[in-house]
1. Could you tell me whether the stretch 212-225 includes any residue that is among the basic types (Lys, Arg) and within 16 Å of Ser390 (Cβ to Cβ)?
2. Check Glu172 against each of (1) farther than 22 Å from Gly106 by Cα; (2) under 23 Å from the mean Cα position of the chain (by Cα); (3) exposed (fewer than 14 other Cβ atoms within 10 Å of the Cβ) and name the one condition it does not meet.
3. Output the number of the condition that Pro374 fails; it satisfies all remaining conditions of (1) in contact (Cβ under 8 Å) with a residue 60 or more places away in the chain; (2) within 23 Å of Arg142 (Cα to Cα); (3) in contact with a helix residue (DSSP H, G or I) (Cβ under 8 Å, 6 or more places away or on another chain).
4. Quick check: anything in the stretch 155-172 part of a helix (DSSP H, G or I), within 30 Å of Leu349 (Cβ to Cβ) and at pLDDT 95 or above?
5. Any residue at all in the stretch 126-135 that's over 23 Å from Pro374 (Cβ atoms) and either surrounded by fewer than 23 Cβ atoms within 10 Å (Cβ to Cβ) or aliphatic (A, V, I, L, M) (or both)?
6. So which pairs qualify, if the first residue must be in the stretch 17-37 and among the basic types (Lys, Arg), the second must be open to solvent by 60 Å² or more (accessible area, probe 1.4 Å) and at pLDDT 80 or above, the Cβ gap must be under 6 Å, and the two must be at least 6 apart or on different chains?
7. Among the residues of the stretch 238-256, count how many are assigned to a helix (DSSP H, G or I) and touching a helix residue (DSSP H, G or I) at 6+ places or on another chain (Cβ under 8 Å).
8. Mind listing whichever residues of the stretch 271-288 are open to solvent by 10 Å² or more (accessible area, probe 1.4 Å) and over 19 Å from the mean Cα position of the chain (by Cα)?
Amino acid sequence: MNRLLTAVFAAITTLLIPIAASGQSQEWEDVLKDAKGQTVYFHAWGGEPRINAYIQWAAREVERAYDVRVVHVKVGDTANVVSQVLAEKSVGKETGGAVDLIWINGENFASMKKNGLLASAGWVETLPNWAYVDVENKPTVRIDFTVPTDGQESPWGMAKLVFMYDSARISEPPSDLAGLLDYAKRNPGRFSYPQPPNFFGTTFLKQVLADTVQNKDVLSQPVDEATFEETVAPLFAFLDNLHPNLWRQGKAFPKNAADMRQLLADSELDIAFSFNPGDASGAIANGELPETVRTFVFDGGTIGNTHFVAIPFNSSSQAGAKVYANFLLSPMAQTRKQEPEIWGDPTVLNVAALPANEKALFDAMDLGPATLSPEDLGPVLPEPHPSWVSALEEAWISRYGAGSE
């Protein structure tokens, strides 16, 4: 009976998603009409050839289907684009801006929002393909480093902490933080993490903090100096227990993620970690890790965030930018983006709720031997407020020292 109900519900869901999208069809038809013939200047980091090629592919698809031309303006630092839009606003350039769409997240988004540099709130959730976004299990699609997006940036892809282990040496990896500590105690010297303020080391601190803090609500707020020591006491109690069992007894640390991965390859570590769920599969393909390496996450979730695209307030081609943003959210574009040989960037969509033909695209994808499926990546724990980063790093250095071998 349960199977029958599940099948019926799935069928109803399949029918409702297109209906939800088509409920805004007239509004969307107007956007498509306005977008026709527009040129969208998409300012996006241009340092990775594979990503640049993906952007060009998406641009060709949108021009072919909607007569919208997308020009990739390759940038090295998104903060410079934010400054450009801010400069336009300071001289009263309310329309005809040079930037139509930006690849963005974190502090750059927060700065644009604070300074009123973004297109009106809510446009993102009017996109037809928004219906496919996984707002329940991926809360960072609406919360960018604790800052509500308010529908002013459209999610594009996910980053998430995953642990890597060699299945030839570990048959059952830890399922939570307590299990990781237990493993380290039973296998001293076989785990470590990069020394903060290295990005990956700080990310590990944030993961431990999220797992040990008694009142998780404080993480969404700026650091309160009056209660900081009490809040982080469980975090440092955990580290005090962990450090004597780390690689080199915690007296030295891996320099970065690449160093940690090399130590795993050299069998000096049993467990390492990455912020890209496809990293292990890519390293296996490149011969950097043994074919027996696999990944795991904690049952309660791991730290993750989302990267987005946003439209400036004075974009010259807002309709065209919406059309391109909507295409980037489509199951076809998201599937292609997640293919390891294309980019390997995880989807923001709720794959399980997609129509059967769209879900089949993801199901048929070969993510590589060490990449977890979207369903198996588990819950995403949101990033703490940006003020926690420097506070945690300073507290760590004060407690354990800044030097390493």
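The values are calculated or read from the model by the stated rules, or taken from the named source; none is laboratory data. None of the values given here were measured: they were computed from a predicted structure. All Cβ positions, even for glycine, are placed from backbone atoms using ideal geometry, and neighbour counts span all protein chains on display. Heads up: the accessible areas ignore ligands, DNA and RNA and are worked out on the full protein's heavy atoms, side chains in. Shrake-Rupley method; radii C 1.70, N 1.55, O 1.52, S 1.80 Å.
1. The answer is no, given that none of the residues of the stretch 212-225 is among the basic types (Lys, Arg) and within 16 Å of Ser390 (Cβ to Cβ).
2. The failed condition is (2).
3. Every condition holds for Pro374 apart from (1).
4. no
5. yes
6. Listed by first residue and then by second, the contacts come to Lys36/Asp67.
7. Counting residues in the stretch 238-256 that are assigned to a helix (DSSP H, G or I) and touching a helix residue (DSSP H, G or I) at 6+ places or on another chain (Cβ under 8 Å) gives 10.
8. Those that are open to solvent by 10 Å² or more (accessible area, probe 1.4 Å) and over 19 Å from the mean Cα position of the chain (by Cα): Ile284, Ala285, Asn286, Gly287, Glu288.
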